[in-house]
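Structure record follows, encoded as structure tokens.
The values are calculated or read from the model by the stated rules, or taken from the named source; none is laboratory data. Source: prediction; values computed, not measured. Here the Cβ positions follow ideal geometry from the backbone for every residue, glycine too, while neighbour counts run over all protein chains shown. For accessibility, only protein heavy atoms count, side chains too; no ligands or nucleic acids. Shrake-Rupley method; radii C 1.70, N 1.55, O 1.52, S 1.80 Å.
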Number of protein chains: 2
Amino acid sequence: MSNKLNRVWRKEMYPPNNGNKRKSVSTRILLVALLAFGLSKCAAGQSLQVSSPNGVLRVVFSLQDGAPHYSVTRFGHEMIKPSRLGLVLRNAPSFRDGLRIVASETRSVDEIWTQPWGEKKDIRDHHNELRIVLARTGAPAGKMTVVFRVFDDGVGFRYEVADQPGFSEFEIMDELTEFALTGDHTAWWIGGYWWNRYEYLYRQSPVSVIDTASTTITMQTGDGLYISIHEAALTDYASMTLARKGEHTFEADLVPWSDGVKVKTAAPMKTPWRTIQIADTPGELITSYLVLNLNEPNKLSDVTWIKPGKYVGIWWEMHLQTSTWASGDKHGATTANTKRYIDFAAKCGFDGVLVEGWNIGWDGDWVENSELFSFTKAYDDFDIEGLSKYAAKKGVRLIGHNETSGGIANYERQMKDGFDLYQRLGVRAVKTGYVSHGQNIKRIDENGVEQREWQHGQYMVRHYRKAVEEAARHQIMLDVHESIHDTGIRRTYPNMMTREGARGQEYNAWANDGGNPPDHTVVIPFTRLLASPMDFTPGIFDLLFEEARPDNRVQTTLAKQLALYVVIYSPLHMAADLPENYEARPEPFQFIIDVPTDWQDTQVLHASIGNYLTIVRKDRNSQDWYLGSVTDEAGRVLQAPVYFLQPNMKYVAEIYGDGANADWQGNPYDMEITRQLVENTGSLTLRLAPGGGQAIRFRPATDEDIQKLSPAAD
Amino acid sequence: MSNKLNRVWRKEMYPPNNGNKRKSVSTRILLVALLAFGLSKCAAGQSLQVSSPNGVLRVVFSLQDGAPHYSVTRFGHEMIKPSRLGLVLRNAPSFRDGLRIVASETRSVDEIWTQPWGEKKDIRDHHNELRIVLARTGAPAGKMTVVFRVFDDGVGFRYEVADQPGFSEFEIMDELTEFALTGDHTAWWIGGYWWNRYEYLYRQSPVSVIDTASTTITMQTGDGLYISIHEAALTDYASMTLARKGEHTFEADLVPWSDGVKVKTAAPMKTPWRTIQIADTPGELITSYLVLNLNEPNKLSDVTWIKPGKYVGIWWEMHLQTSTWASGDKHGATTANTKRYIDFAAKCGFDGVLVEGWNIGWDGDWVENSELFSFTKAYDDFDIEGLSKYAAKKGVRLIGHNETSGGIANYERQMKDGFDLYQRLGVRAVKTGYVSHGQNIKRIDENGVEQREWQHGQYMVRHYRKAVEEAARHQIMLDVHESIHDTGIRRTYPNMMTREGARGQEYNAWANDGGNPPDHTVVIPFTRLLASPMDFTPGIFDLLFEEARPDNRVQTTLAKQLALYVVIYSPLHMAADLPENYEARPEPFQFIIDVPTDWQDTQVLHASIGNYLTIVRKDRNSQDWYLGSVTDEAGRVLQAPVYFLQPNMKYVAEIYGDGANADWQGNPYDMEITRQLVENTGSLTLRLAPGGGQAIRFRPATDEDIQKLSPAAD
């Protein structure tokens, strides 16, 4: 039942407030209990507070000798200890200390907005906001605003510098934001990367062994609470990484420009939101929409052309080294090969065909020679015009591919022409790529000199914004690989569909560490995937590919490949394997044909970070529900009550499960496909093999199904 | 849906078994895959196997150079590494090594049996059994049988010595059973106590820091699996403790007699079952009935006189030191005081009134002078005959109390006379007590000499069996304090109702460590309570009792005290506080009046060891459901879908929750009592304060409820 249905029959303080007599009552708790909801000022020193709508979370802002700090309590107990805030500026006075509160205001928001597409249709934005205007006490003058939004599931805060004398242009040399944790929590994390795409395996360790970390970083406290730190609405700023300071405090460590400046900006400006999600269970992190809620609403007036869907493509064969991106005998992006994929996509009802290696520039060392890429000229053996028409005739669209290898100047120079061309050819989605190494993003500075930038600094953030805006003008959806981390931009630009930003399937083809271990896909849903959809490219059916890549394999069962379509959310999901591998196994492939990529609702049934995860999602366009359950290297038997189904209605559960003897290592193809009638009062036993999974489609039962599957027929 | 409803529509190996081609296939896994279900012999060496009904668990028995070993796999991966088995005997040849398999047989059982009372009415016993007869290869001859029962939720095994020459009487000097764990699991444990009632706070630590442990010991593996080791059907043997051997192997360490012998026995004999429960989630440990399934069926032909219920008693006032067990001015067990409790019990509809200190023997140092206790003679100010009649008139029964302070000979001498008396007076339940220190149980040996025994050795195990049988003959239910650990005896003797065997409520009155910390009651449900019901004596309403015991208090909120009636299962539950404290708070007390102590079903909604736990139970005698949710020192917000309720039926949820500002430390009485309509498609938000809890009664809604509580009336 919703909150609206909760009618209070009797409500009482029982007995009236005699509980405070005890000697062990701490001053802090008493203080919180006595303060009115919302906002209060503490007489001694300057302090302001704001609590979440349900009163559980509370942010306390205070000045300590003029230096701004915040802390977060939950049920009156510290979750984030008093932590530094502030900006160190150049060409303008800093907001570091010597500050006082000159104004503050609060605001409450409770509204529901609708995603054009997503993992859940209607999102509730329910928060209390506290804005605090701080002024420098000394000369030169200057004002900065700190804004807190406190939700039931976490906190967001950011800095704003309003238009004022002395701040027309300035540089941020350091952001002083800290996250002072209350203990040596267990963290799931990767290093704090200024470059290289976040494509690492997550580590599990105490916070105290971390030097630097990228966000999203997720932690479990000693009390069994879960915290995840990230940022929202990164649009014209440097990406945030975290550096550990002291035993278990992180401080913001912004990715700098090549000249060492962190952010080049001018008033009025707003930083991204720093986000702290807090949950009692790891599953609640997954169904928290705090990061989206902190982004600006949709800026596109027409979104009818934005369509989630599934695609195949000329891609995996290059990773298997059976064809090449480069031209020549083994060139993958040929007209004939593309027609084969178009035919297959049409037969399966898929929406798109990605073609990598279609354009000039792939020959030689393309990572070094990014300026050679053309984004309009196809190789001779790729008939782009003819293929576009062929695809259209079959009801399929080509998906463009723009690998930049970090040559941003080269790409930006051609971007409009490229998007013009793609739009004319009926292309609706473009996969972009930014393969680059180290501090190697090529930028031409104002003097015409080439500078080398980090992959996640402000220069690249600006580039991504440019690309998404240009794409929107051309009604093009983006799927960005080697991307900056997602911070919920898709809310503002719903053509920003999906991205990479973690180790995807291709590592299974060639990584010299053996590929993604079985637990990889039960860690990223609680870390990387909290930020946004991911183009993981699941669905490899030939798991061993011994002839192509004898030293590698996929470390899952076949059933787990299917489950990933539900567990990992992406509005554009690839069926990543070769058509012939799907044709060889039509029964399990049916699940990939059926599974949607746009959802009405998402719920988590089982969640244990690094161990297992079961997610159910309701199709946005039908009464179907889908379940995906995945495990690490340990087999599991999980009970799944199916209470989410509509009451008093019979469904057929089409179950794609690991077979009795399945094991990712020795028997990955052992699979059982069964059907049974279920109702919302029932429960299913999910048996997941080591490295395995289970995928289920629940569809309303027809009379024929009921007759055929009823137990009475036994 | 039950298993019976699962009709397989299509079932296939997909594709037919081509998964074994991979180089990394381990021999072990292949072996398992190729072996037929049930039982097989391995050509090289002697090895036998048996798997669980669902095939997930497997026990492998093997002889290594003639020494018996077992191991347990789950999904083909080791859970218990090869571990020693064997018995070292005196006055008979040992079964240690030099053994061979001479016979074996398997058996499958799938049956449902009904508990006369309990946490769940119908229990399914579904297992595969493997019996292996081992013979000594050298002289003298001797045979021993090892029996394994493999369930889907764990394994039990025991030794049997059949009647045979040379084994008419013998002594067990050592049991060689090992539990070789696969890693340094996180354990929740107390030390391996040969004495003193298991009344310790559980520690959480890696296995590698444990020297000795009592069972039940519960562990979490690195893979997020849960293991709990205990024993079942301890009837004429020594209690098992565990001693660590090597990095993470435990071996059985039996509590000895005073002469060092572990067990005095004769063929035919059977040891208790050694039990290993294994689960994917901690909640599944709670709803596992493996220990009960390994006990003998009910031996009592008539169980109509066995009635779960609630009681009050003259008890807490002694712990508060406002009255005494001993005679004199402050004597608690007076006729007048008892009448007051009888009146109160009658008014509330409770079944019994416990009176401690009613009988002669409490004056002076009663722990040292156990022989002074009379179990038939009341103090002069306690009119036992008159009170029995008074109680009967009010529809209430007195509950007997027999504190032995370890004087077993004294107690056994009077037991029959005592039980005769109690039965005549209409007493249906007796609480027994065994307060003693160290190796101090008094036994008179065959030469008439007094020996001092440990509290948990075979002598005491035999005594408990005697007591429960004598009680059954007198239609008396037992509630044993300072007991040996429960091993499921209640299945065989359903008059063995409940017991202590862990730190109960009384530690909050006087423990010099400050009492039970908030996490105590979110640890014992996953450890001690796995073995059996516990007479925890919840329901203290005056949480601070500053006048009586200023240095102590109860470390919970008021709502948590209510939740404990559901979370902790006991067929006899005490309302432990003084009548005047309940009369001062009638609204929350209503929950204690309402809550049943006998259940149709039990389900776990949320479970995290040491953090939180939500249990729902269905009343056996109505359509009501009850929910109890408790947390440690951290506040929680837990979502509870109420899918367990009957579909298409409106219930009133009577919610006893922590108030918005509740906190066990500073504001423990803050409580909200509300009612709302719910259906099984709904979900409730459980908001638990730090150290708090929530109790809910769900009862079918009347038309009046529906009218009054419907949201339309808002």
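General remarks:
- Percent of C-alpha pairs per 5 Å bin, the range B:54-199, short to long: 2, 8, 14, 17, 16, 15, 14, 10, 3, 1, 0
- Most to least accessible of B:510, B:366, A:113 (protein chains only, probe 1.4 Å): B:510, B:366, A:113
- Taken about its Cα centre, chain A carries a charge dipole of about 2900 debye when Lys and Arg each add +1 at the Cβ and Asp and Glu each add -1 at the Cβ.
- Spin-label pair residue A:703/residue B:622, simplified geometry with 7 Å Cα→Cβ offset, distance in nm: 4.4
- Comparing Cα centroids, the range B:241-280 and the range B:66-118 end up 13 angstrom apart.
- Prolate/oblate/rounded call for the range B:556-714, Cα gyration tensor, a/c under 1.5 rounded: rounded
- Pairs of C-alpha atoms in the protein assembly as shown farther apart than 49 Å represent 40 percent of all such pairs.
- Value of D in µm² per second that Stokes-Einstein yields for the range A:418-502, Kirkwood Rh from Cα pairs, at 25 °C (0.890 mPa s): 179
- In nanometres and ascending order, the distances from the residue B:212 label point to those of the other copies are 5.3 (point 7 Å from Cα along Cα→Cβ).
- Calculation over all alpha carbon pairs of the range B:142-197 in 10 angstrom steps from 0 returns a P(r) of 14, 33, 34, 18, 2 percent.
- With DNA, RNA and ligands ignored, accessible area of residue B:136 (1.4 Å probe; Å², nearest 10): 50
- Cross-link pairs B:347/B:394; B:310/B:347; B:307/B:466; B:560/B:708; A:120/A:431 - those with Cα-Cα distance over 18 Å: B:307/B:466; B:560/B:708; A:120/A:431
- Heavy-atom SASA rank of B:285, B:63 (probe 1.4 Å, accessible area, largest first): B:63, B:285
- Listed by chain and number, the aspartates and glutamates whose alpha-carbon sits under 15 Å from that of residue B:81, ignoring those within fewer than 8 places in the same chain, are B:178, B:184, B:247, B:251.
- If you take the Cα centroid of the range B:284-328 and the Cα centroid of the range A:550-571, the two points sit 52 Å apart.
- Two-decimal Rg/Rh across chain A, once Rg and the Kirkwood Rh are taken from alpha-carbon atoms: 0.98
- Here's the list of aspartates and glutamates a cross-link from residue B:650 could span, going by alpha-carbon distance under 20 Å and ignoring same-chain residues fewer than 8 apart: A:679, B:594, B:601, B:619, B:624, B:679, B:703, B:704, B:705, B:714.
- Residue B:108 contributes an accessible area of around 80 Å² to the protein surface, as traced by a 1.4 Å probe with all chains present.
- Base-10 log of normalised Debye intensity for the range A:299-501 (one unit scatterer per alpha-carbon) at q = 0.11 Å⁻¹: -0.49
- Teacher prompt: residue B:377 distances to equivalent labels in other copies, 7 Å Cα→Cβ, nm: 11.6
- Farthest toward the positive end of the dipole of chain B, out of B:529, B:300, B:336, is the Cα of B:300, where the dipole comes from beta carbon charges about the Cα centre.
- Remark: the protein assembly as shown carries a charge dipole of roughly 1560 debye about the Cα centre, counting +1 on each Lys and Arg Cβ and -1 on each Asp and Glu Cβ.
- The alpha-carbon positions of the range A:550-612 define a convex hull whose volume is 125 Å³ per residue.
- Shortest-first distances to equivalent copies, position residue B:168, nm, label 7 Å out along Cβ: 11.4
- Rg in Å to one decimal, and Dmax rounded to a whole Å, for the range A:650-701 via C-alpha atoms: 12.1, 37
- Each of residue A:385 and residue B:444 was given a label point 7 Å from its Cα along the Cα-to-Cβ line. The distance between the two points is 11.5 nm.
- Binned Cα-Cα distance frequencies in the range B:3-293 - 10 Å width, integer %: 6, 26, 34, 24, 8, 2, 0
- If R0 is taken as 45 Å, the Cβ-Cβ distance between residue B:392 and residue B:107 corresponds to a FRET efficiency of 0.35.
- In the range B:322-367, the alpha-carbon atoms span a convex hull of 84 Å³ per residue.
- Based on the convex hull around the alpha carbon atoms, the range B:377-429 presents an average projected area of 3.9 nm².
- Once all protein chains are placed together, residue A:485 keeps about 10 Å² accessible to a 1.4 angstrom probe.
- Nearest beta-carbon to the A/B symmetry axis - residue in chain A, distance in Å: A:643, 2
- Computed label-point distance, nm, for sites residue B:330 and residue A:451 using a 7 Å Cα→Cβ extension: 8.1
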